[in-house]
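None of the figures in this text is laboratory data; all of them are computed from the coordinates on show. This structure is a prediction, so every number in the text was calculated from the model and none was measured. Quick reminder, even Gly has a Cβ in these numbers, built from the backbone with ideal geometry, and neighbours come from all protein chains shown.
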Amino acid sequence: MGFPEWFQELAKKVSNKGRWGEADELGTLNLITPEATLRGVGTVKRGESFSLAIPLDREGPQTGRIPNRINPLHSMIGINTPFTGDPDKTCLSDDIISMGTQAATHWDALSHGSYAGTMYNDHPSAMIRAETGAMVCGIEKVKTLVTRGVLLDLARFKGRERLEPGLVITPELLEDCLQSTGLTIESGDVLLVRTGHITNLDIGDRDAYRVPAPGFGVQSTLWFKEKNLAAVANDTIAFEVWPGEDPATLFPVHMLNLVDAGLTQGQNWQLEQLAEDCAKDGVYEFLLSATPEPIVGGTGAPVNPVATK
């Protein structure tokens, strides 16, 4: 059983097993060196920042198809409560939120994916337990994520508002779009890819935002490895093309990235405002600050990424 031969061959080519030692839990985020961060700092010319997160609210992208991945449910647990019992003195309001850690704009932890009993770097998948979450490769291992970001605006490059549902993002398309920016990907960069698909969510059509959707094809994982990318994120809910290229293989890009390459990936990133600005000034690089919330044992975590130009 298991995955087909074509998948196994790709897995060998993209594998980073043992590259940073047998105990490593960070994968390609090890490529974010001080030099990579300083390269990101060097891109800042105007000091203007763009949030790349969607709102945390009940109108998020989740529709119940994944039952436990609910949109954020926000409730008040205290409203103008007198701290000392005297309402004329200090009063405090408090709230609580319940949500799937991957419900909105988020990073997948490397522990999010497993197959054949293992996660990234041959860590056993049995290290994910109900009472603890991920005991290895949890999202809290990502202490900081600050580096140079590069945007590839595929939708605008192809002259469209959004890529058509089901379009496979290939290495050739990525490379052609990269060439149009005049930039070169360097080790430790984070790649952001705009498909425009999130504009469906912007107009309130959650069903159209889900699937079918454009996304990365399996061959893109080779391109990510070749470019020594630290992480990749896009503006879709599935990250990879959906439906997939092989109906018999579910989420192969997730498995190749998370389990074999140890590549952190992000979904539901709001890239519209940033893309508009990049199109105006022709500058597609920026300082990216995108450290996830340190949820201990988390297989993912929400993030408010900020791009500064």
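Quick notes
- Fluctuation leader among Gly282, Gly159, Gly298 - the chain, Gaussian network, Cα springs under 10 angstrom: Gly159
- Candidate cross-link partners of Lys143 among the aspartates and glutamates, defined by an alpha-carbon separation under 20 Å and a same-chain spacing of 8 or more, comprise Glu22, Asp24, Glu25, Glu35, Asp108, Asp189, Glu293.
- For the pair Thr249 and Glu276, a Förster radius of 41 Å applied to the C-beta separation gives a FRET efficiency near 0.70, rounded to the nearest 0.05.
- Each stretch of four or more DSSP H residues adds -39500 (n - 2.57); spread over every residue of the chain, this sum gives -5000 deg cm²/dmol at 222 nm.
- With a threshold of 21 Å on the Cα-Cα distance, the over-threshold entries among Lys17/Lys141; Lys12/Lys158; Lys45/Lys280; Lys45/Lys225; Lys12/Lys227 are Lys12/Lys158; Lys45/Lys225.
- Only Cα pairs under 8 Å and 6+ residues apart enter the sum, and on that basis the relative contact order of the stretch 53-188 stands at 14 percent.
- Within the listed set Leu110, Leu56, Leu256, the residue fluctuating most in the Gaussian network model of the chain (springs between alpha-carbon atoms under 10 angstrom) is Leu56.
- Rounded to the nearest 20 debye, the dipole magnitude of the stretch 151-309 is 120 debye, with +1 charges on Lys and Arg beta carbons, -1 on Asp and Glu beta carbons, and the Cα centre as origin.
- Cleavage-rule hits (trypsin sites (Lys or Arg not before Pro)) in the stretch 120-181: DSSP loop, at most 15 neighbouring Cβ within 10 angstrom: Lys143, Arg160
- A Stokes-Einstein calculation at 25 °C with viscosity 0.890 mPa s, built on the Kirkwood radius of the stretch 155-309 over Cα pairs, returns a diffusion coefficient of 153 µm²/s.
- The phi-based Karplus calculation (6.51 cos²θ - 1.76 cosθ + 1.60; θ = phi - 60°) puts the 3J(HN,Hα) values of the stretch 154-162 at 5, 4, 5, 4, 8, x, 10, 5, 8 Hz, whole numbers, x for Gly and Pro.
- In this entry, the chain is assigned a mean projected area of 18.3 nm², taken as a quarter of its C-alpha convex hull surface.
- Stretched out straight at 0.36 nm per residue, the stretch from Val44 to Ile97 would grow longer than its current Cα-Cα span by 15.6 nm.
- Counting neighbouring Cβ atoms within 10 Å and putting the fewest first, the residues Cys177, Cys278, Cys91, Cys137 line up as Cys91, Cys177, Cys278, Cys137.
- Using a simple spin-label model with pseudo-atoms 7 Å out from Cα toward Cβ, Ser187 and Ile79 lie 5.7 nm apart.
- Once you divide the Cα radius of gyration of the stretch 208-249 by 2.2 N^0.38 Å, the number left is 1.24.
- Top of Asn68, Asn30, Asn234 by mean-square fluctuation, Gaussian network on the chain, Cα under 10 Å: Asn68
- Farthest toward positive dipole pole in the chain [+1 Lys/Arg, -1 Asp/Glu at C-beta], among Gly60, His74, Leu192: Leu192
- Whole-Å distance, taken between Cα centres, linking the stretch 1-70 and the stretch 207-259: 11
- Cβ-to-Cβ counts within 10 Å put Phe50, Phe224, Phe83 in ascending order as Phe83, Phe50, Phe224, the fewest first.
- Two-decimal log10 I(q)/I(0) for the stretch 69-225, as the Debye equation yields it once each C-alpha is a single scatterer, q = 0.11, 0.21 Å⁻¹: -0.70, -1.37
- Positive-pole candidate from Pro212, Ala248, Leu288, dipole of the stretch 186-304, charges at beta carbon: Ala248
- In percent, rounded to a whole number, the relative contact order of the stretch 196-253 is 41, using alpha-carbon pairs under 8 Å and six or more apart.
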